Amino acid sequence: MQVTFYGVRGSCPSPGANFIKYGGNTACVHVELEDGSDIILDAGTGIKNLGQKLINKSGDINLLLSHNHWDHIQGFPFFSPIYQPKRNIFITPGQTSLAEHDAILKQMSGSYFPVDYTTLASSIQIVVKPEGTDTWQIGSAKISRLQMNHPGSGSSFSIEENGKKMVYITDNELYPPYKKATDFLDWVEFARDAELIIHDAQYMIADMPQKAGWGHSVAEEAVKLALASRAKRMALYSHDHIRTDIEIQAIEEHCQDVIALAEADLSLFAAAEGQCVSL
């Protein structure tokens, strides 16, 4: 399994000279399974560049959406494979509290976008998993999902292949002031023994309490989850759009200090565009 980051920002893209090291595109991660299957996690602006790679392949594309907030679907209209004839694209929407399963398509309609989704050349299928169906198969991998703590809710995903497990938990507030969809201990079990955990780390303690309830986690809390679940590697993800390269690096170093104080064996990095991790 190869995991490649194509977009690591939360909320909105961050262009400019101060956002080069980690990149400015919004959420998108590509997972290539050992059998060649392609799984995409979220369709933020990072999916545009991923499309330039996948347009040279002919296999099915499986897109797993965490939720429908703009920064997780806004790159889809610029994803080249959707304009390829006979290309099969399967989209699994997140478990949002307002069930708008086709929101990613309807952004390409009316006054929102010049190309209507009904004219796309590819074959696009919205795959809605019935309530209670939280595990299924894509190619050689087992997919699991768990409802995230975020305004409007949504899904986090686990991908397991040949004994290797990666977990994608973005836009998740581990300790929200509203009623939690998923408790911390349930997150621990969901991420248990993961080879790689990708988790929302958009905020710092200094951002609180002003941003409590906005649906994102404090970086130190995310690290504690990785430690509790005995994950081997952790990627800090969904960087705040205002964080410069220098500021993200400082957050990474601070989290490394937290791990050192815990005397734990956890490898941690701040996710950057183009970064590839082999499991």
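General remarks:
- Considering residues of the range 94-120 that are closer than 23 Å to Asn62 by Cβ and in contact (Cβ under 8 Å) with a residue 40 or more places away in the chain only, the residue surrounded by the most Cβ atoms within 10 Å (Cβ to Cβ): Gly94
- Selection within the range 124-145: residues that are of a type in the set (Gly, Ala, Ser) and modelled with pLDDT of 95 or more. The member of this set that is nearest to the chain's Cα centre (by Cα) is Ser144.
- Restricting the search to strands (runs of 3 or more DSSP E) fully inside the range 1-44 and requiring at least 3 residues that are surrounded by fewer than 20 Cβ atoms within 10 Å (Cβ to Cβ) and out of contact with any Gly (no Cβ under 6 Å at 6 or more places or on another chain) gives an empty result.
- Test: residue in the range 128-139 that is over 30 Å from Leu227 (Cβ atoms) and either among the hydrophobic types (A, V, I, L, M, F, W, C) or in contact with a Phe, Trp or Tyr (Cβ under 6 Å, 6 or more places away or on another chain) (or both): yes
- The set of residues in the range 95-117 that are hydrophobic (A, V, I, L, M, F, W, C) and closer than 18 Å to Gly44 by Cβ comprises Ala103, Ile104, Leu105, Met108, Phe113.
- For the range 45-59, the candidate set comprises residues that are closer than 10 Å to Tyr6 by Cβ and of a type in the set (Gly, Ala, Ser); within that set, the residue that is surrounded by the most Cβ atoms within 10 Å (Cβ to Cβ) is Gly46.
- Put simply, of Leu261, Leu236 the only residue that is within 27 Å of Glu189 (Cα to Cα) and more than 20 Å from the chain's Cα centre (by Cα) is Leu261.
- From Glu252, Glu189, residue being in a helix (DSSP H, G or I), more than 24 Å from Ser11 (Cβ to Cβ) and either under 17 Å from the mean Cα position of the chain (by Cα) or free of Cβ contacts under 8 Å to residues at least 60 places away in the same chain (or both): Glu189
- Every condition in (1) buried (at least 21 other Cβ atoms within 10 Å of the Cβ); (2) farther than 23 Å from Ser238 by Cβ; (3) of a type outside the set (Ser, Thr, Tyr); (4) touching a Pro at 6+ places or on another chain (Cβ under 9 Å) is met by His67 except one, and the failing one is (2).
- Put simply, of Pro77, Pro85 the only residue that is at pLDDT 95 or above, part of a helix (DSSP H, G or I) and not acidic (Asp, Glu) is Pro77.
- Residue in the range 107-123 that is outside any loop (DSSP other than H, G, I, E, B), modelled with pLDDT of 95 or more and hydrophobic (A, V, I, L, M, F, W, C) present: no
- Filtered residues of the range 205-244 (kept if assigned to a loop (DSSP other than H, G, I, E, B) and either closer than 13 Å to Ala270 by Cβ or touching a Cys at 6+ places or on another chain (Cβ under 7 Å) (or both)): Ser238, Asp240, His241, Arg243, Thr244
- Verdict on Asn68 being outside any helix (DSSP H, G or I) and either under 19 Å from Thr135 (Cα atoms) or modelled with pLDDT under 95 (or both): no
- Summed over the range 120-160, the residues that are over 25 Å from Tyr178 (Cβ atoms) and touching a helix residue (DSSP H, G or I) at 6+ places or on another chain (Cβ under 6 Å) give a count of 3.
- A search for C-beta distances below 7 Å between a residue of the range 125-148 that is of a type in the set (Lys, Arg) and any residue that is surrounded by fewer than 17 Cβ atoms within 10 Å (Cβ to Cβ), counting only pairs 6+ apart in sequence or on different chains, returns Lys129/Trp136; Lys142/Thr135; Arg145/Asp134.
- Condition met for Asn62 (in a strand (DSSP E or B), more than 21 Å from Gly152 (Cβ to Cβ) and among the polar types (S, T, N, Q)): yes
- From the options Lys179, Lys165, residue that is surrounded by fewer than 13 Cβ atoms within 10 Å (Cβ to Cβ) and of a type in the set (Lys, Arg): Lys179
The values are calculated or read from the model by the stated rules, or taken from the named source; none is laboratory data. What you see is a predicted model, and the numbers here were worked out from it, not measured in a lab. Please note: Cβ atoms are built from the backbone with ideal geometry, for glycine as well, and neighbour counts cover all protein chains shown.
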